[in-house]
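The values are calculated or read from the model by the stated rules, or taken from the named source; none is laboratory data. What you see is a predicted model; the values in this text were computed from it and never measured. Methodologically, a virtual Cβ is constructed for each residue, glycine included, from the backbone with ideal geometry; neighbour enumeration extends over all protein chains shown.
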Amino acid sequence: MRLKSGQAAISFTARTADGETVSLAQFAGKPLLLMFLRYASCPMCNLRLHDFARAYPRLQERGLKAVALFHSSAPSIRAHARGRRYAFSLVADPEFRVYGSYGVETSWPRLLLSMAKPSFYVDWARSLRHRFWGGIAWQMAKMPADFLIGPDGRIVMAHYGRDIGDHLPVSRIEAYLDELERHGVAESPGPISASLSVTSEVPMRSLSTVVALSLLWALALVGSSFFLKGFAIGEWVDALLYLSAGVWVTSFWLRRPVSRCA
């Protein structure tokens, strides 16, 4: 069951990838962002960590604390962090205890739809540039979720990802911190006001991005035709590629609003 703004955050105690204990109680009186990611080798999740880590210093200066959870083992999290030191805790929850209490969702249809969105290929290309090569896990269909919790321990924003790359934008977190500073840190101003619930327009793709995505799409189609020709799955892969191309072109012209990471 989904949690909503205004509800009390669910208490938890867990262990980080480094073996330390972390709990909700230790963040009492401070704004906290809980980031529920997927498995440790997920390239989109590691890209989210990378992007958020770049923004975190200025958020941390304003009092925000953050905890990122994976449903992978601690050794797997450490291995795929590749020596990157984050200023916030990475928590291992392979038994899905905290995931379950916060209603983090599993959806195979949304996983497949994720791969039909243009943003998937943009993020995938960016993840490769940062050497997040990716991998597979037995539970690949978990969707990400983010919970912004106020100093009073109540949920300010509950963001359940619509696809595997959909996260609470940093701009909305900053807007809440602005409001929190106006009210004073001693108490939370409650659920975020409607005026802050904004979406950003998809920027017009640059020529280099268009060319890169077109080449990736063509390479995938050639690979499917060469390696999967004559197999039933090859027809499904080709259909998915043509569908993704149609969605990409449509969204390119319509410039539909999305809620992404930053």
_Residues of segment 94-119 satisfying the condition of being in contact (Cβ under 8 Å) with a residue 60 or more places away in the chain and in contact with a helix residue (DSSP H, G or I) (Cβ under 6 Å, 6 or more places away or on another chain)_ = A116, P118
*Quick one: which strands (runs of 3 or more DSSP E) lie wholly within segment 1-42 and hold at least 3 residues that are not β-branched (V, I, T)?*
32-36
_Considering only segment 48-67, I want to know if a residue exists there that is assigned to a loop (DSSP other than H, G, I, E, B), within 20 Å of F147 (Cβ to Cβ) and over 20 Å from the mean Cα position of the chain (by Cα)._
yes
_For segment 52-67, which positions are in contact with a helix residue (DSSP H, G or I) (Cβ under 6 Å, 6 or more places away or on another chain) and either over 14 Å from E181 (Cα atoms) or surrounded by 19 or more Cβ atoms within 10 Å (Cβ to Cβ) (or both)?_
A55, K65
*Enumeration of residues in segment 133-181 that are surrounded by 22 or more Cβ atoms within 10 Å (Cβ to Cβ), in a loop (DSSP other than H, G, I, E, B) and not acidic (D, E)*: P144, G150, G161, I164, G165, H167, L168
_Test result for A9, within 21 Å of A175 (Cα to Cα), out of contact with any strand residue (DSSP E or B) (no Cβ under 7 Å at 6 or more places or on another chain), of a type outside the set (S, T, N, Q) and modelled with pLDDT of 95 or more_ = no
_Residue count, segment 112-131 (criterion: part of a helix (DSSP H, G or I), of a type in the set (A, V, I, L, M, F, W, C) and more than 15 Å from the chain's Cα centre (by Cα))_ = 4
_Selection count, segment 5-25, where residues are within 16 Å of I155 (Cβ to Cβ) and buried (at least 18 other Cβ atoms within 10 Å of the Cβ)_ = 3
